[in-house]
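K.L.:
This is the structure, below, for whatever I ask next.
The values are calculated or read from the model by the stated rules, or taken from the named source; none is laboratory data. Computed from a prediction, not measured in an experiment: that's the story for all the values here. Note: ideal-geometry Cβ built from the backbone for every residue, glycine included; neighbour counts use all protein chains shown. Note: accessible area is taken over every heavy atom of the protein model, side chains too, but ligands, DNA and RNA are not part of it. Shrake-Rupley method; radii C 1.70, N 1.55, O 1.52, S 1.80 Å.
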Amino acid sequence: VETAAFRDPRLETAMATVRRAVELARTLRGQAGLRVRQPLARLWLALPGGDLAERDALLALLRDEVNVKVVELIGDESTLVDRRVKPLLPKIGKKLGAQVPAIMAAARADEVEFLADGSVRLAGVTLAADEVEILATPRPGTAVAHDDGLVVVIDTRLTPELRAEGDAREVQRAIQDLRREAELNLDDRITAWVDGLPVGVHVFLDSVARETLADAVLLEAPPEGVSSAAVDLDNVRVTIGLRVTSTPGAGAPATGRGLDA
């Protein structure tokens, strides 16, 4: 069957760009020590060419894949990095002579104009891109990655609410792991126990119960004889346990729901 007629090169290019953005964001997460299940507040994205085919749908996919609340498109990273200019004296010394002290003073004071062609203006003098070194550092609370015109910036700051949501997802994952280890069916209902859970996480327990098919999530130590395990959250270790409360039908063994969200 001929499939070439059904291909959409613009969409394929856009998908490849989003895949690269996902890889960059995950690398930044790893470098910052941020767990995959820890939600982040924001990701900023600068795109080669400035836009994507099917932009809204693909940005929503990116948001879900890297577990961020908001994806914001930016023209470039200039507002998210601190840029300082270092004039290269071997290149400008003989050429500019008496103007060099004023140029260096302007650079130290960060009194610089960045021009579109990569050159800069210091103390009224335009220096070519190869006559300066531009030192760019991420703003505090962010991490930046580049790849062939694509720029990804993540917000690495975690509010107490974000930390609590991340802990809730770790508890959810741990309960799903116990379901698999116990070879439960997909539709088996359970009672779950969670001992030592930080108070801030309690607001997410209804969601944990829905995703794990728990009729109740009890905030106490699991009783003896139930399947149990320990899980490390952001700042504390908790103990979880579960027991089957009903088996509606003989379905397939549980494989877990929403574990990578």
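K.L.:
Hey, what's the Kirkwood Rh for segment 148-188 if you take every pair of different alpha carbons, in angstrom?
P.N.:
Working: mean 1/r = 0.0758 Å⁻¹.
Final number for the Kirkwood radius of segment 148-188 is 13.2 Å.
K.L.:
State to the nearest 20 debye the size of the charge dipole of the chain about its Cα centre, where the only charges are +1 on K and R beta carbons and -1 on D and E beta carbons.
P.N.:
Numbers: 32 positive and 41 negative charges, 165 e Å.
Result for the chain is approximately 800 debye, rounded to the nearest 20.
K.L.:
Provide Rg and Dmax in Å for the chain, with only Cα atoms included in the calculation.
P.N.:
26.1, 88
K.L.:
Ignoring ligands, DNA and RNA, how do 74, 175, 134 rank by accessible area with a 1.4 Å probe, largest first? All intermediate terms of the calculation are to be shown ahead of the outcome.
P.N.:
Working: 74 30, 175 0, 134 70 Å².
So the residues, ranked largest to smallest area, are 134, 74, 175.
K.L.:
Counting only C-alpha contacts under 8 Å and six or more residues apart, can you give the relative contact order of segment 34-131 as a whole percent?
P.N.:
Numbers: 92 pairs, mean separation 20.4, N = 98.
Once normalised by length, the contact order is 21 percent.
K.L.:
What net charge is computed for the residues neighbouring residue 32, neighbours being all others with C-beta under 12 Å from the C-beta of residue 32, Lys and Arg scored +1, Asp and Glu -1? Before the final figure, lay out the partial values.
P.N.:
Numbers: positive: 26, 29, 35, 157; negative: 155.
So the environment of residue 32 carries a net charge of +3.
K.L.:
Follow-up question, since we're still on this one. Could you report the chain's accessible area per residue, 1.4 Å probe, as an integer in Å²? Mind showing how you got there, number by number?
P.N.:
Working: 14310 Å² over 261 residues.
Normalised by residue count, the accessible surface of the chain is 55 Å².
K.L.:
Sticking with this one: Looking at 219, 229, 71, which one has the Cα that reaches farthest to the positive end of the dipole of the chain (charges on Cβ: Lys, Arg +1; Asp, Glu -1)?
P.N.:
71
K.L.:
With Cβ to Cβ distances under 15 Å as the rule, what net charge do the other residues near residue 115 carry (K, R +1; D, E -1)?
P.N.:
Around residue 115, the charge tally is -4.
K.L.:
Another question, then. Taking the Cα centre of segment 167-214 as origin, work out the dipole magnitude from +1 charges on Lys and Arg Cβ and -1 charges on Asp and Glu Cβ, in debye rounded to 20.
P.N.:
Values: 6 positive and 10 negative charges, 21 e Å.
Once rounded to the nearest 20, the dipole reads 100 debye.
K.L.:
Also: Relative contact order for segment 110-261: what percent, with Cα pairs under 8 Å and sequence separation of 6 or more? Don't skip to the answer; put the middle values down first.
P.N.:
Values: 239 pairs, mean separation 36.0, N = 152.
Relative contact order of segment 110-261: 24 percent.
K.L.:
Taking the Cα centre of the chain as the origin and placing charges on Cβ (Lys, Arg +1; Asp, Glu -1), which of 53, 120, 199 is farthest toward the positive end of the dipole?
P.N.:
The listed residue farthest towards the positive side: 120.
K.L.:
Have a look at 159, 238, 190 and report the one farthest towards the positive end of the charge dipole of the chain, computed about the Cα centre with Cβ charges (Lys/Arg +1, Asp/Glu -1).
P.N.:
159
K.L.:
Hey, what number do you get for the chain at 222 nm if only DSSP H runs of n ≥ 4 count, each worth -39500 (n - 2.57), divided across all residues, to the nearest 500?
P.N.:
On the way: 6 runs with 83 residues, N = 261.
After summing the helix terms and dividing by the residues of the chain, the value is -10000 deg cm²/dmol.
K.L.:
Could you compute the net charge surrounding residue 87? Neighbours are other residues with a C-beta less than 15 Å from the C-beta of residue 87; K and R count +1, D and E count -1. Let's see the in-between values first.
P.N.:
Numbers: positive: 83, 84, 86, 91, 94, 95, 108, 121; negative: 110, 111, 113, 130, 131, 133.
Counting the neighbours of residue 87, the net charge comes to +2.
K.L.:
Express in % the proportion of alpha carbon pairs of segment 1-65 at distances exceeding 15 Å. Don't jump to the answer; show the numbers that get you there.
P.N.:
Values: 1168 of 2080 pairs.
Above the 15 Å cut-off, segment 1-65 has 56 percent of its Cα pairs.
K.L.:
What is the magnitude of the charge dipole of segment 16-149 about its Cα centre, with +1 placed on the Cβ of each Lys and Arg, -1 on the Cβ of each Asp and Glu, and no other charges, expressed in debye to the nearest 20? Provide the component values of the computation, followed by the final result.
P.N.:
Working: 19 positive and 19 negative charges, 112 e Å.
Around 540 debye, computed over segment 16-149.
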